[in-house]
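**Student:** Have a look at the structure that comes next, please.
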Amino acid sequence: MGQPVREYLLTLCITAAVTYLLTGPVRKFAIAAGAMPEIRARDVHREPTPRLGGIAMFGGLCAGLLVAAHLTNLKDVFEVSNEPRALLSGAGLIWLLGVLDDKWGVDALIKLGGQMIAAGVMVLQGLTILWLPVPGVGPVSLTPWQGTLLTVALVVITINAVNFVDGLDGLASGMVCIAAAAFFMYAYRIWYGYGLEAAAPATLFAAVLMGMCLGFLPHNAHPARIFMGDSGSMLIGLVLAAGAISITGQVDPDAMKLFEGSEQAAVHATVPVYIPLLLPLTVIAVPFADLVLAIVRRTWRGQSPFAADRGHLHHRLLEIGHSHSRAVLIMYFWSALIAFGAVAYSVNSAGVWFVLAIVALSGVGLVLLLLPRFTPRVPRWAEAFVPPRYRRANRIARAERGAEAPAEPVAAVAGGGSALSDPEMAAPEPVGSGMNGGANSGMNGGASGGTNGGVNGGTNGGVNGATAIGDRSRFTHRRRIGTPR
């Protein structure tokens with residue numbers, strides 16, 4: 001097949017360009033179609049934003065596969081393998097389900113069933129796990145039922161992990177792009193380094209996925225002009241899972257001819273064989289951890305695992321004190337560290353420098369996570385080189401504003417007009433345009449004991465500010481992140 005690096009790059013650029021150009025018209029269509037849901041309690045954006053960004057991403061996917069099918073080297077992927085067609089079939093079903101959910105809303109169990117059907121369609125067309133490379137045992141063949149169940153489980157887990165992490169502007173598209181870049185490096189190494197053409201479809205999927213995310217990210221970066229919605233998050237989750245399934249269960253480890261020489265050399269040489277077992281999880285390690293924690297948290301409270309809340313990792317970063325953009329960049333950092341660390345380990349698993357580098361970068365990541373907890377005293381001569389929040393004049397001004405703030409916040413309860421007395425359960429003071437309306441209406445509702453005044457003051461009066469996450473230093477009381485809102 002040659003070295004179609006330029007063709008992969010062309011496919012990536014075409015996918016990104018089509019996605020980018022389609023997003024603007026799709027945004028206008030979403031506004032005209034009314035796909036702009038009201039701000040929910042768990043949302044962090046300040047005003048209603050259109051969804052259906054997945055329409056543009058699906059257009060980019062189709063354009064990328066169409067271009068690749070007519071290129072000199074990449075067209076062999078479509079002639080030898082049926083996996084691109086299987087991906088397109090499953091992506092079409094999951095995209096249609098997401099569009100319906102973005103416009104009218106679909107029950108969680110129905111969405112789960114649709115995800116399983118999309119995965120089943122891909123299995124019927126040949127995109128399935130045929131065997132697993134098990135350390136110490138070698139390749140283990142799977143029965144058709146075992147391969148089907150494992151494939152469907154991996155698709156459903158990946159889709160929901162990406163969907164769960166889609167809570168901040170540019171977060172899901174950026175994290176999946178990082179994962180796709182790491183996966184492309186690994187898949188291309190397996191295909192070209194070992195001469196295994198069975199890894200070519202996974203390499204193509206990763207290139208197309210990068211283009212979809214890069215084309216949509218400029219429109220979705222903070223402040224976002226459009227959201228990808230479930231039509232986009234489920235779509236990119238399915239493409240990521242398809243690449244992992246293709247290279248994990250389709251590439252024969254015996255074809256790499258790594259089991260020659262001494263036993264120690266064979267152990268080190270077979271690391272690239274076993275990495276596919278971990279790489280699909282490492283590239284979505286952060287979203288997967290968020291998914292597991294959300295299920296445990298909601299089940300512990302007696303809620304449905306699909307019930308929405310404000311306990312996700314990105315919500316916690318905002319509660320710690322990070323800004324919106326910095327929270328997104330921190331999530332990018334950890335995703336890149338885990339994904340590219342796994343790829344680097346597959347290349348050189350015995351280097352001490354590699355372990356030291358991972359430990360050092362992990363320490364940097366922990367410092368970045370806890371940075372808002374520290375407010376160092378900066379000398380006057382160095383204040384010009386640090387952010388404004390660390391300057392002495394700004395710290396004094398914030399302290400004075402905090403001293404002048406009211407001691408008891410006013411908040412309306414959905415069940416009545418009385419104000420909340422528990423500081424942990426009290427809602428934060430509305431920010432922006434909803435401040436006066438939320439406070440005045442809430443006080444009137446609380447004094448009269450009526451339901452309408454409290455509800456309208458606490459929700460409708462502060463629709464543009466009460467649910468937004470702004471500067472946390474303005475709030476005299478903070479609600480515990482785990483409590484329902």
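**Student:** Take the range 1-54 and flag every residue that is among the polar types (S, T, N, Q) and either touching a Ser or Thr at 6+ places or on another chain (Cβ under 8 Å) or at pLDDT 90 or above (or both). Explain how you work it out, then say what you get.
**Tutor:** Taking the range 1-54 as the starting set, the residues that turn out to be among the polar types (S, T, N, Q) are 3, 11, 15, 19, 23, 49.
11, 15, 19, 23 - these are the residues of the range 1-54 that are among the polar types (S, T, N, Q) and either touching a Ser or Thr at 6+ places or on another chain (Cβ under 8 Å) or at pLDDT 90 or above (or both).
**Student:** Kindly establish whether residue 174 is among the small types (Gly, Ala, Ser), buried (at least 24 other Cβ atoms within 10 Å of the Cβ), touching a helix residue (DSSP H, G or I) at 6+ places or on another chain (Cβ under 7 Å) and at pLDDT 90 or above.
**Tutor:** No, not satisfied.
**Student:** Against the conditions (1) assigned to a helix (DSSP H, G or I); (2) in contact (Cβ under 8 Å) with a residue 40 or more places away in the chain; (3) in contact with a Gly (Cβ under 8 Å, 6 or more places away or on another chain), where does residue 73 fall short? Just the number, please.
**Tutor:** (1)
**Student:** A further question on this structure: If the requirement is being in contact with an Asp or Glu (Cβ under 8 Å, 6 or more places away or on another chain) and surrounded by fewer than 23 Cβ atoms within 10 Å (Cβ to Cβ), which of these qualifies: 218, 144, 223, 201?
**Tutor:** 223
**Student:** Of the residues that sit in the range 317-326 and are in a helix (DSSP H, G or I) and either polar (S, T, N, Q) or closer than 10 Å to residue 369 by Cβ (or both), which one is modelled with the lowest pLDDT?
**Tutor:** Of everything passing the filter in the range 317-326, 320 is modelled with the lowest pLDDT.
**Student:** Between 337, 281, which is hydrophobic (A, V, I, L, M, F, W, C), open to solvent by less than 30 Å² (accessible area, probe 1.4 Å) and either under 17 Å from the mean Cα position of the chain (by Cα) or at pLDDT below 70 (or both)?
**Tutor:** The match here is 337.
**Student:** Also: Give the range 69-97 a look and list any residue that's of a type in the set (S, T, N, Q), within 25 Å of residue 5 (Cβ to Cβ) and modelled with pLDDT of 90 or more, or say none.
**Tutor:** Once the filter is applied, which keeps residues that are of a type in the set (S, T, N, Q), within 25 Å of residue 5 (Cβ to Cβ) and modelled with pLDDT of 90 or more, the range 69-97 yields only 82.
**Student:** If you don't mind, another one. Of a type in the set (Gly, Ala, Ser), within 20 Å of residue 127 (Cα to Cα), in contact with a Ser or Thr (Cβ under 9 Å, 6 or more places away or on another chain) and in contact (Cβ under 8 Å) with a residue 12 or more places away in the chain: is that true of residue 68 in this structure?
**Tutor:** Working: of a type in the set (Gly, Ala, Ser): yes; within 20 Å of residue 127 (Cα to Cα): yes; in contact with a Ser or Thr (Cβ under 9 Å, 6 or more places away or on another chain): yes; in contact (Cβ under 8 Å) with a residue 12 or more places away in the chain: yes.
Yes: the conditions hold for residue 68.
Here's the yes/no breakdown for (1) open to solvent by 40 Å² or more (accessible area, probe 1.4 Å); (2) within 30 Å of residue 227 (Cα to Cα):
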position	(1), (2)
113	no, yes
116	yes, yes
139	yes, no
149	yes, no
155	no, yes
160	no, yes
163	no, yes
179	no, yes
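**Student:** So is residue 126 in contact with a helix residue (DSSP H, G or I) (Cβ under 9 Å, 6 or more places away or on another chain), of a type in the set (Gly, Ala, Ser) and surrounded by 24 or more Cβ atoms within 10 Å (Cβ to Cβ) or not? First the steps, then the outcome.
**Tutor:** Working: in contact with a helix residue (DSSP H, G or I) (Cβ under 9 Å, 6 or more places away or on another chain): yes; of a type in the set (Gly, Ala, Ser): yes; surrounded by 24 or more Cβ atoms within 10 Å (Cβ to Cβ): no.
So residue 126 fails the test.
**Student:** Something else now. So residue 193 passes all but one of these: (1) small (Gly, Ala, Ser); (2) closer than 22 Å to residue 338 by Cβ; (3) open to solvent by 10 Å² or more (accessible area, probe 1.4 Å). Which condition number does it fail?
**Tutor:** Result: residue 193 passes all but (2).
**Student:** Between residues in the range 95-113 that are under 25 Å from residue 62 (Cα atoms) and residues that are of a type in the set (S, T, N, Q), which pairs lie under 7 Å by C-beta distance while being six or more apart or on different chains?
**Tutor:** 95/231; 98/231; 99/231; 102/231
**Student:** Being open to solvent by 40 Å² or more (accessible area, probe 1.4 Å), within 20 Å of residue 247 (Cα to Cα), within 29 Å of the chain's Cα centre (by Cα) and of a type in the set (A, V, I, L, M) is the filter here, so list the residues in the range 69-97 that pass it.
**Tutor:** Answer for the range 69-97, where residues must be open to solvent by 40 Å² or more (accessible area, probe 1.4 Å), within 20 Å of residue 247 (Cα to Cα), within 29 Å of the chain's Cα centre (by Cα) and of a type in the set (A, V, I, L, M): just 88.
**Student:** Applying the selection to the range 208-238, what residues are touching a Leu at 6+ places or on another chain (Cβ under 8 Å), over 24 Å from residue 105 (Cβ atoms) and modelled with pLDDT under 95?
**Tutor:** Answer for the range 208-238, where residues must be touching a Leu at 6+ places or on another chain (Cβ under 8 Å), over 24 Å from residue 105 (Cβ atoms) and modelled with pLDDT under 95: just 222.
The values are calculated or read from the model by the stated rules, or taken from the named source; none is laboratory data. All values derive from a computational prediction rather than experimental measurement. Using ideal geometry, Cβ is built from the backbone for each residue, glycine included, and neighbour counts are taken over all protein chains shown. Remember, those area values only see protein heavy atoms, side chains included, never the ligands or the DNA or RNA. Shrake-Rupley method; radii C 1.70, N 1.55, O 1.52, S 1.80 Å.
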